[in-house]
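J.: If you scroll down you'll find the structure; I have some questions about it.
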Amino acid sequence: MAAATASIVGTSSWSLRRAAAQAFALSQSHFLCATNPYFSFPRTLCTLPLSVSASSASDVSHTVQAIKGDVDELLNGVVEKSVIKEVKHILEMARRASLRREILHTDFLTPPVLKESMKVLEKLADVKAIAQGGYPQAERCRISVGHPEELTSDPDIISALSVSGNFRFESCSHGDFLGSILGTGITREKVGDIILQGEQGAQILVVPELVEFLMSSLDKVRNVPVSCSKIPLISLDYEPPRTITFKTIEASLRVDALASAGFKISRSKLVDLISNGDVRINWTPVTTKGTTLKSGDIVSVSGRGRLKIGEINSTKKGKFAVELIRYL
């Protein structure tokens, strides 16, 4: 009896120590994510381990298995397979945020990851997701996830910096600004869009915890000395995209027909671009020239820009009158 009691006491003591260690590790993970701009978990997200006590290990195990099943089922609907791992991390993070009644945020996501993640998150009744990029046309955005009762407004998770300098005699490109920013040692996922301002410099979107660091570290873009200052998002000086609109009459709504008309290139050239993986529909690579387009679709071709499919009407001769909106 004494031996049994000692065994129980020893097991209980071990469980308490294990629970305490897990709690400490979890708190440290939160601290590192919140305070250290250099600290980054794999795949750009702070994926924290579930804290499991000895008394509820069995229940949590069943819960994790149920969530895993749901995750696998939801991921079947992801069209672009190359982003599945990123979407899975976001989905699992969203479930944790909902269960714990807390709000978690991703880093800046690429358009394909953003698109697929939002599609999956919309299917979860107990999760609310908000995507923000700092301004309406932003391509790189962060997603905030949490229980609908907790995530009631847009979180303050994006900051803007003005990078000023005399670029009159040495104009710098988007790549020049991005290269200088990354040259300070931060990762790409911490930086959102870069809005060029011509001779004045640029405005950049970043995670808030990097503002002070960049203000003190970013002092040159290529050969131009610069200074950085924080600005409110409302001060961002962006222009709506310039477009031209025209119509075409086509026998079908296939991507090879509409895209060749929109980009003013031959259909055979467009087919070659599809074969090389250079054509995307709504940020997803096209795999066949026979893919059918619909109103609202965005077609992008590497090196040639983007094209939006506008209004579609049938003609008396059975063809299609399609409005094409070309981004300049």
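The values are calculated or read from the model by the stated rules, or taken from the named source; none is laboratory data. Fair warning: this is a prediction, and the values are worked out from it, not measured in the lab. All Cβ positions, glycine included, derive from the backbone under ideal geometry; neighbour counts span all protein chains shown. In case anyone asks, the SASA skips ligands and DNA or RNA and just uses the protein heavy atoms, side chains included. Shrake-Rupley method; radii C 1.70, N 1.55, O 1.52, S 1.80 Å.
J.: Between a first residue in the stretch 232-244 that is within 15 Å of Gly134 (Cβ to Cβ) and a second residue that is surrounded by 10 or more Cβ atoms within 10 Å (Cβ to Cβ), which pairs have beta carbons less than 6 Å apart while being 6 or more apart in sequence or on different chains?
T.: Within 6 Å, the pairs are Leu233/Gly134; Leu233/Ala160; Leu236/Tyr135; Leu236/Ala160; Leu236/Gln203; Tyr238/Tyr135; Tyr238/Ile195.
J.: Hey, which of the strands (runs of 3 or more DSSP E) in the stretch 154-271, taking only ones fully inside, have at least 2 residues that are open to solvent by 40 Å² or more (accessible area, probe 1.4 Å)? Outline the logic, then answer.
T.: Values: elements: 159-164, 191-196, 201-206, 227-231, 243-250.
Qualifying strands (runs of 3 or more DSSP E): 227-231, 243-250.
J.: Related question: If the requirement is being open to solvent by 40 Å² or more (accessible area, probe 1.4 Å), at pLDDT below 90 and part of a helix (DSSP H, G or I), which of these qualifies: Ser40, Ser51, Ser58? Please lay out each step first, then the result.
T.: On the way: Ser40 fails: part of a helix (DSSP H, G or I); Ser51 fails: part of a helix (DSSP H, G or I).
Going through Ser40, Ser51, Ser58 in turn, the sole match is Ser58.
J.: With the structure loaded, tell me whether Lys319 is open to solvent by 40 Å² or more (accessible area, probe 1.4 Å) and more than 15 Å from Gly262 (Cα to Cα) or whether it fails that test.
T.: Working: open to solvent by 40 Å² or more (accessible area, probe 1.4 Å): yes; more than 15 Å from Gly262 (Cα to Cα): yes.
It is true that Lys319 is open to solvent by 40 Å² or more (accessible area, probe 1.4 Å) and more than 15 Å from Gly262 (Cα to Cα).
Okay, residues lined up against (1) modelled with pLDDT of 95 or more; (2) under 30 Å from Lys319 (Cα atoms); (3) of a type in the set (D, E, K, R):
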| site | (1), (2), (3) |
| --- | --- |
| Ala160 | yes, no, no |
| Gly165 | no, no, no |
| Leu196 | no, no, no |
| Val206 | yes, no, no |
| Leu218 | yes, no, no |
| Ser235 | no, no, no |
| Ile244 | no, yes, no |
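J.: Condition first: open to solvent by 80 Å² or more (accessible area, probe 1.4 Å), in contact with a strand residue (DSSP E or B) (Cβ under 9 Å, 6 or more places away or on another chain) and without any contact (Cβ under 8 Å) to a residue 12 or more places away in the chain. Can you find one or more residues in the stretch 302-316 that meet it? Step through it out loud before you land on a result.
T.: If we filter the stretch 302-316 for residues that are open to solvent by 80 Å² or more (accessible area, probe 1.4 Å), which is where we start, we get 303-304, 311, 314, 316.
Applying the additional criterion that residues be in contact with a strand residue (DSSP E or B) (Cβ under 9 Å, 6 or more places away or on another chain) yields 311, 314.
Add one more test, that the residue is without any contact (Cβ under 8 Å) to a residue 12 or more places away in the chain, and what stays is 314.
Yes, the conditions are met somewhere in the stretch 302-316.
J.: Shifting gears a bit: Restricting attention to the stretch 87-138, which residues are in contact (Cβ under 8 Å) with a residue 24 or more places away in the chain, of a type outside the set (A, V, I, L, M), assigned to a loop (DSSP other than H, G, I, E, B) and under 20 Å from Ile298 (Cα atoms)?
T.: Thr110, Gly133, Tyr135, Gln137
J.: So, in the stretch 115-146, of the ones that are more than 17 Å from Leu99 (Cα to Cα) and over 14 Å from the mean Cα position of the chain (by Cα), which residue ends up most open to solvent (accessible area, probe 1.4 Å)?
T.: If we filter the stretch 115-146 for residues that are more than 17 Å from Leu99 (Cα to Cα), which is where we start, we get 115-120, 130-143.
From the residues that got through so far, the ones that are over 14 Å from the mean Cα position of the chain (by Cα) too are 135-136.
Details: Tyr135: 39, Pro136: 103 Å².
Here the answer is Pro136.
J.: Take Pro285 and decide whether it is modelled with pLDDT under 90, in contact with a Gly (Cβ under 9 Å, 6 or more places away or on another chain) and either open to solvent by 70 Å² or more (accessible area, probe 1.4 Å) or of a type outside the set (S, T, N, Q) (or both).
T.: For Pro285, the condition - modelled with pLDDT under 90, in contact with a Gly (Cβ under 9 Å, 6 or more places away or on another chain) and either open to solvent by 70 Å² or more (accessible area, probe 1.4 Å) or of a type outside the set (S, T, N, Q) (or both) - is met.
J.: Touching a residue at least 60 places away in the same chain (Cβ under 8 Å) and among the aliphatic types (A, V, I, L, M) - does that describe any residue in the stretch 164-183?
T.: Narrowing the stretch 164-183 to residues touching a residue at least 60 places away in the same chain (Cβ under 8 Å): 164-165.
This time we only want the ones that are among the aliphatic types (A, V, I, L, M), so: none.
So far as the stretch 164-183 goes, no, none of its residues is touching a residue at least 60 places away in the same chain (Cβ under 8 Å) and among the aliphatic types (A, V, I, L, M).
J.: While we're looking at this one, here's another question. If you check Ile234 against the conditions, is it under 22 Å from the mean Cα position of the chain (by Cα) and not charged (D, E, K, R)?
T.: Yes: the conditions hold for Ile234.
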